[in-house]
Amino acid sequence: MSVLGLAVGPPALAGYFLEGPIEGALSTPASIAGGLLVGATGMALADRRPRSRVAIEADWLDGALLGLAQALALAPGVSRSGATLTVARARGFAPDQARLLSGWVGMPVMVGASALRFARLIRGDLSLDTVRVLLLGGVGAFASTLCTARVVSRRRCDSLLPYSLYRAGLSLLVMGTVRSRARRAKDARV
């Protein structure tokens with residue numbers, strides 16, 4: 001089986017069968033903060049690994065691990081791109097090659113996930129106007145993603161540390177908000 005097949009299979013199966021249960025069980029602020037923090041830690045650790053491999057050296061194990069990373073990204077707070085970059089960097093791929101792999105294995109997953117969500121939406125009781133608005137929004141999101149990807153790809157940042165720090169800070173902010181709300185709710189009951 002090809003690297004791409006191994007990288008796309010797990011997220012496709014998990015997304016089709018487990019998307020609802022995963023989002024339902026893990027859509028709390030605390031679990032989102034946990035996903036952010038785990039991702040930040042993974043990025044920081046992967047950033048320290050030696051990295052010289054090129055994308056054409058990717059083997060079946062790389063494909064399987066990239067696929068598992070994408071499947072884990074179904075959990076709220078876990079970034080698909082961040083997870084695949086972390087795995088690729090942990091497996092020793094050079095920064096530009098890790099970005100290449102992340103995009104290569106991610107595009108079919110993003111297109112498939114969008115198609116699945118759209119099909120599920122259409123099966124619902126939606127008016128034609130709602131479908132048009134959703135289609136327009138999807139096309140706009142896709143176009144903005146492509147534009148953003150071009151801007152980001154021009155900006156050479158070989159370290160995952162800035163992203164790791166951002167995710168850790170966001171996790172702390174979410175957890176602080178959760179604690180603050182819990183204290184206010186407790187004070188309101190007293």
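If the only charges are +1 at each Lys and Arg Cβ and -1 at each Asp and Glu Cβ, what is the size of the charge dipole of segment 71-126 around the Cα centre, to the nearest 20 debye?
Taking the Cα centre of segment 71-126 as origin, the dipole is about 60 debye.
Ranked from highest to lowest mean number of other Cβ atoms within 10 Å per residue, what is the order of the peptides 98-110, 127-139?
98-110, 127-139
Could you order the peptides 165-173, 46-54, 84-92 from most to least packed, using the average number of other C-beta atoms within 10 Å per residue?
Going by the mean number of other Cβ atoms within 10 Å, highest first, we get 84-92, 165-173, 46-54.
Once you charge only the Cβ atoms, +1 for Lys and Arg and -1 for Asp and Glu, what is the size of the charge dipole of segment 28-127 about its Cα centre, to the nearest 20 debye?
The calculated dipole for segment 28-127 is roughly 100 debye.
Which of the helices in the chain meet the span-like rule: DSSP H, Cα axial reach of 20 Å or more, Kyte-Doolittle mean at least 1.0?
Values: long enough: 3-26 (31 Å, 1.12); 29-47 (27 Å, 1.20); 95-123 (41 Å, 0.49); 128-154 (39 Å, 1.07); 161-189 (42 Å, -0.21).
Both cut-offs are met by 3-26, 29-47, 128-154.
Report the charge-dipole magnitude of the chain in Debye, nearest 20, computed about the Cα centre from +1 at each Lys and Arg Cβ and -1 at each Asp and Glu Cβ.
700
Hey, what number do you get for the chain at 222 nm if only DSSP H runs of n ≥ 4 count, each worth -39500 (n - 2.57), divided across all residues, to the nearest 500?
Helix-only estimate at 222 nm: -28000 deg cm²/dmol.
Mind checking the per residue accessible area of segment 1-140 for me, 1.4 Å probe, whole number of Å²?
54
I need the calculated FRET efficiency for the pair residue 159 and residue 27, taking r as the beta carbon distance and R₀ as 25 Å, to the nearest 0.05. Before the final figure, lay out the partial values.
Values: r = 31 Å, r/R0 = 1.23.
Result of the calculation: an efficiency of 0.20.
Net charge near residue 88: determine it from the other residues with C-beta under 12 Å of the C-beta of residue 88, scoring Lys and Arg +1 and Asp and Glu -1.
Working: positive: 49, 51, 53, 89, 91, 99; negative: 47, 57, 62, 96.
Net of charged neighbours comes to +2.
Order of 22-30, 8-16 by packing, highest average Cβ count within 10 Å first?
Details: 22-30: 13.0, 8-16: 18.4.
Result, highest mean first: 8-16, 22-30.
Between (1) 18.6, 63; (2) 16.1, 46; (3) 21.1, 67, which matches Rg and Dmax of the Cα atoms in Å calculated for the structure shown?
(1)
The values are calculated or read from the model by the stated rules, or taken from the named source; none is laboratory data. It should be emphasised that the depicted structure is a prediction, and the values quoted were computed from it without experimental measurement. Positions of Cβ are backbone-derived with ideal geometry, glycine not excepted, and every protein chain shown enters the neighbour counts. Side chains are part of the model used for accessible areas, which takes the heavy atoms of the whole protein and leaves out ligands, DNA and RNA. Shrake-Rupley method; radii C 1.70, N 1.55, O 1.52, S 1.80 Å.
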